[in-house]
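*Asks:* Please read through the structure below; I'll follow up with questions.
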């Protein structure tokens, strides 16, 4: 999961302090694993270096927690690209996908598109595996089947999520 | 096994029977109608013996001739009664003239007082007939004033035509005519009821033939909706009812229809009883009150019918194991075997065989053997048909796709197909046999009388003392009479009629004018004063032997009083003449005389007979002659001859039977339709997928038609075979020549075929609806 | 337009309502000869209706369906039936085999409907059953074979007329995964070797993975997933 892209996405709705960013992240995505402050600051300084964010203002007293960050145009493009790129189909990527969908909803982008893109990517992988399975030996078949079952589970989740986007949107934005 | 549990399970079943929505109701109602018909017929059946009994008792109670050896002497307790029967169109009217001779004279049954002279008391049916528009001719013959109606106790049927008319001076008719003096009515020692065995056979066969298809129908009806019920029962098993419980619930479902049927049956019976009061069969009608089933028998019916429904259901379920997840039919049944199926009809034939030829001559049929035999033969159809269908269908070759679909389906479930057709086959076979029996007996009853219709259709005896010529003229003046032949007839004997043994040789004497004589013999020449002797035929060939000139012959005295011999001496030179079948269907023998050749002393000893030719093209042609006869002699009942007695009674009963069979067939047709639709619905998914890959609707429609037509065709063939055989046996039993009544065979078979066609046509719209691709949608 | 050139069967802007329910609301579709296209989507999305329209079983309320240069939607029912008999094949989820006919008779049925003599039809049928590895079931009735075998018989039947398009509506829906995959393998293999196009309606991704391309139907609208990326 890319924390950088996630924080960037959160900034899209307006400039925030590092402290606010951490809180927003934890609330939306970090249920089981809250971010450390250190992670936030190191990520933000990397984003600053790449010109994806800028410092919007510094409050008196100094220190990193006093900085207010805003997203740059380059940052917005970066988020856009990230969202549009399907993840490489592999096991246990729900959390990334989930993040992307929620971010898309938060930033009023088309979340269904993200799911469909991902779905097409998954099916492509499944086709390749199915082809391999057809021509392969028995061991190959078993290995492919393992992957296929996992991918199928993802795909089911994608379908489920697509069917429940409206509910999710209501929950996220509230 | 507690009673409560039983009743609870049965009750649950009853609830299920009506819970199936519209279809459930249709099924329950159809079953109920079938059961109802069966119950009604059964109740009528149980009532018939008592009805016949009551009828017979009434008949015995109004007999009006003296049973003692002597007529009672005139007293204040005597009555003189004379028969004045007549016939109007085809109906016989029982007429009596009564003259009480004292205050204690016996009243005829059904009368509250004696009618005065010129008055009459009539039966309700006669009252109605007299009042009818077309009955002017009858009113002319019965010119009495109607002063009352005969009560039920004086009549043997609701449709009987009868009257009692007051009269005077009847005693003068006690000689010669049928007037009698009585001091009581009825047979003091009533005879045992003695039904015409042929009539009894007809009744038995009618009952069996009507009951059997209904029974078969009930058996099929309680299996209606079998597959859906099976699924329901399986669901019950799943939620924990055991095998016995499910069976009881199934039995309860069947019982629901049967109970409703009992109610319907009682209604049908009550309606039928009223209807029965207004119809006449073979000249027999009954009062509704006669049809009173004995309570024990009625109770038996009320118990037996639902019990039978339950038993049939349990029997049908015997090869079925209801499992929680569905119904398992015990492995594919073994190939049907022929031998035991043949035992049933053969057993039936064996029961009937000993009674062949018993018919009219020596009496009674064993009722149990008759019913048993007919039942076995008809039940035999239901046993033979499944075998026949299986065997034939198993051999049917390939044909088009429609044919293949139908044949394959029949091969897989020939039992179901045969069961659906059983009822129709039994109904048709029974009806054919019955129609044949009726046609045969009918033929015997309407046998040609052999009368030469070109000459005479009616004969009237001229009363003593009436002038022959004047009387003849009266008839000649009567409308619709085209020719009148008047003859005096008497008998000649070779010794005194008063001697102990009577004459050894005797022959007829016929007197008439030359044209009249030429009607009975071929005369080379004839003039008044001539005499002839006839060669006669085998019955009356004594004439030539008695034609010995100088021989004294005795003329038969008329009446009983006169005892003085009147003699006639045979003169020489009597011409021999050849007798011809003339006015009557026999060749006369004996002597012919022209009027002036008859000795004056003999004039009173011959009776005038008038032979009438009637122009039948005139409506009610006979009634005019009858009226003239009535005016000439009120107590004379003209003898009617005609080539075939037009017997409309059988025609009505036969058309009634046809209607009855058609109704049974329609009922069966309705049930066929229901199960057909049910089957179609079950195959909905399959049918739509067949349409999806391009099967023509025509192909599917045809396959449905074949699927019904093949078993029905086989069923009808079997029914025709069995029906004709059974009919032939029944005819042999009544000693009637066997003839196949093809018209009724074809009409019955046609009815059966029409039912199939109707069912197929009616199931086509739902089929086409099912064939719409929408059928693929619902999953 | 959306129908790419050279497509065998293409549909545009299809609308179909069943009473108040919109089953199709502007769906599109196209397939090339020999192509296997999976139609996916949640239940009730209209994917079966799309298949029925494409196969000429149901006429759409509006829109066009071109098959081999001919407009399907305006064809007479008889003509469409004939097309289904001769150029299309069908496999359904279940309940499509006539229970009274033997398996080989079932497979021969489409040929017989086209008027092929019985002997010849059954010979052809048997050779297809061989390819689907069910030739040993010839004399059995559908009730006597397993679900997977029955479905293979159904596949053989759908291919027996050498159709140009096979419509398969949830062909593995009633089977376990092993049997389902075997059926799919045999179906796609046989179809590819005869360059028969297959329209495959399914809700199972692993079945859809046997396709060349995927279309998703949602709320009566279709989406070609190849053009998403």
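*Asks:* Can you give the extra length, in nm with one decimal, that the chain gains between residue A:131 and residue A:80 once fully stretched, where that is 0.36 nm per residue apart less the Cα-Cα distance?
*Replies:* 15.1 nm
*Asks:* If you don't mind, another one. How long is region A:25-174 along each principal axis, judged by its Cα atoms, biggest number first, in Å?
*Replies:* Per principal axis, max minus min of the Cα coordinates gives 68, 32, 30 Å.
*Asks:* Given R₀ = 56 Å, what would the calculated FRET efficiency be for residue C:176 paired with residue B:271, taking r from the Cβ atoms and rounding to 0.05?
*Replies:* Efficiency at R0 = 56 Å is approximately 0.35.
*Asks:* Calculate, in whole percent, how much of the Cα-Cα pair population of region C:26-159 lies beyond 21 Å.
*Replies:* 49
*Asks:* Taking the simple approach of a point 7 Å from Cα along Cα-to-Cβ for both residue B:369 and residue B:242, what is their distance in nm?
*Replies:* Those two pseudo-labels are separated by 5.0 nm.
*Asks:* Hey, another quick one. Full-extension gain between residue C:61 and residue C:118, please, as 0.36 nm times their residue separation minus the C-alpha to C-alpha distance.
*Replies:* Result for the pair: 16.6 nm of gain on full extension.
*Asks:* Okay, moving on. Taking 0.36 nm per intervening residue step and subtracting the Cα-Cα distance, what contour gain separates residue B:567 from residue B:620 on full extension?
*Replies:* 14.6 nm
*Asks:* For chain A, with a Gaussian network of springs between Cα atoms less than 10 Å apart, report the residue from A:49, A:22, A:100 with the top mean-square fluctuation.
*Replies:* Answer for the Gaussian network model of chain A: A:49.
*Asks:* Next question, about the same structure. With all pairs of different alpha carbon atoms counted, what Kirkwood hydrodynamic radius in Å does region B:244-311 show?
*Replies:* When all Cα pairs of region B:244-311 are included, the Kirkwood radius is 13.9 Å.
*Asks:* Just the ratio, please: alpha-carbon radius of gyration of region B:34-90 over 2.2 N^0.38 Å, N its number of residues.
*Replies:* 1.96
*Asks:* Could you list log10 I(q)/I(0) for the protein assembly as shown at q = 0.10 Å⁻¹, which the Debye formula gives when each Cα is one point scatterer?
*Replies:* Once normalised to I(0) and log-transformed, intensities are -1.28.
*Asks:* Sort largest first and round to whole Å: the equivalent ellipsoid semi-axes of region B:89-182, each the square root of five times a Cα gyration tensor eigenvalue.
*Replies:* They are 22, 16, 12 Å, listed largest first.
*Asks:* Related question: Return the inverse of the average 1/r over all pairs of distinct C-alpha atoms in region B:676-779, which is the Kirkwood hydrodynamic radius, in Å to one decimal.
*Replies:* 16.2
*Asks:* Where does region C:112-226 land on Rg/Rh, using Cα atoms and the Kirkwood Rh?
*Replies:* 1.00
*Asks:* How far apart, in nanometres, would the label points at residue A:54 and residue B:278 be if each is projected 7 angstrom from Cα along the Cα-to-Cβ direction?
*Replies:* Here the answer is 11.0 nm between the modelled labels.
*Asks:* While we're looking at this one, here's another question. For region B:1-148, report the % of Cα-Cα distances exceeding 22 Å.
*Replies:* 66
*Asks:* For region C:31-79, what's the radius of gyration and Dmax over Cα atoms, in angstrom?
*Replies:* 11.9, 33
*Asks:* Here's a follow-up. Where does chain C land on Rg/Rh, using Cα atoms and the Kirkwood Rh?
*Replies:* Radius of gyration relative to Kirkwood radius: 0.96.
*Asks:* Which parts of region B:31-50 would a label at residue B:304 reach, counting a residue when its backbone N lies under 20 Å from a point 7 Å out along Cα-to-Cβ?
*Replies:* B:32-50
*Asks:* Estimate the FRET efficiency between residue B:342 and residue B:314 by the formula 1/(1 + (r/R0)^6), using the beta-carbon distance for r and 22 Å for R0, to the nearest 0.05.
*Replies:* 0.25
*Asks:* How high is the FRET efficiency between residue A:42 and residue A:95 when r is their beta carbon distance and R₀ equals 22 Å, given to the nearest 0.05?
*Replies:* 0.60
Where a number appears in this text, it was derived from the coordinates with a stated rule and is not lab data. What you see is a predicted model; the values in this text were computed from it and never measured. FYI the Cβ positions are ideal-geometry reconstructions off the backbone, even for glycines, and counts take in every protein chain you see.
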